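I have placed the structure first, in the form of structure tokens, so that the comments after it can refer back to it.
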Amino acid sequence: MMSRAMSRKWIGAVALTATLLGLIGVPAHAAAPKTYQVTGPVLELTADMIVVKKGSERWEIARDASTKVTGDLKVGATVTIQYRMSAASVDVKPAAAKKSGKKGS
């Protein structure tokens, strides 16, 4: 038979192992950006872009090899595109200098 000290060590080891396996097995999930959609006829089509007319506007949507396409994608076809917005670049502007509250200085 196991002593109480040995039992506690065994239970502690099992609990620690289960916790570590749980942390490793559960990937960290970052919130995915919001998904939007646009529907309209295809005006232009290239390997890396689909141009859709929505109302009086032309929407240029980028695509790549991982873009899932179902059906016969061609100019003139009416499509609904699911897309996410992503930043191409970010320019941070310097903070504006604070104005002094004193007059006549």
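For the reader, a short list of remarks on this structure follows.
- Scope segment 43-66; condition closer than 18 Å to residue 84 by Cα, in a strand (DSSP E or B) and among the aliphatic types (A, V, I, L, M); matching residues: 49, 50, 51, 52, 61, 62
- Filtered by the rule that a residue be among the hydrophobic types (A, V, I, L, M, F, W, C) and surrounded by 10 or more Cβ atoms within 10 Å (Cβ to Cβ), segment 70-87 gives 73, 75, 77, 79, 81.
- Among (1) surrounded by 10 or more Cβ atoms within 10 Å (Cβ to Cβ); (2) at pLDDT 90 or above; (3) among the polar types (S, T, N, Q) - the single one residue 17 does not satisfy: (2)
- Residue, surrounded by the most Cβ atoms within 10 Å (Cβ to Cβ), within segment 56-69, restricted to residues that are in contact (Cβ under 8 Å) with a residue 12 or more places away in the chain and over 18 Å from the mean Cα position of the chain (by Cα): 59
The values are calculated or read from the model by the stated rules, or taken from the named source; none is laboratory data. Keep in mind that what you see is a predicted model, and the values were worked out from it rather than measured. Backbone-built Cβ (ideal geometry, glycine too); neighbour counts: all protein chains shown.
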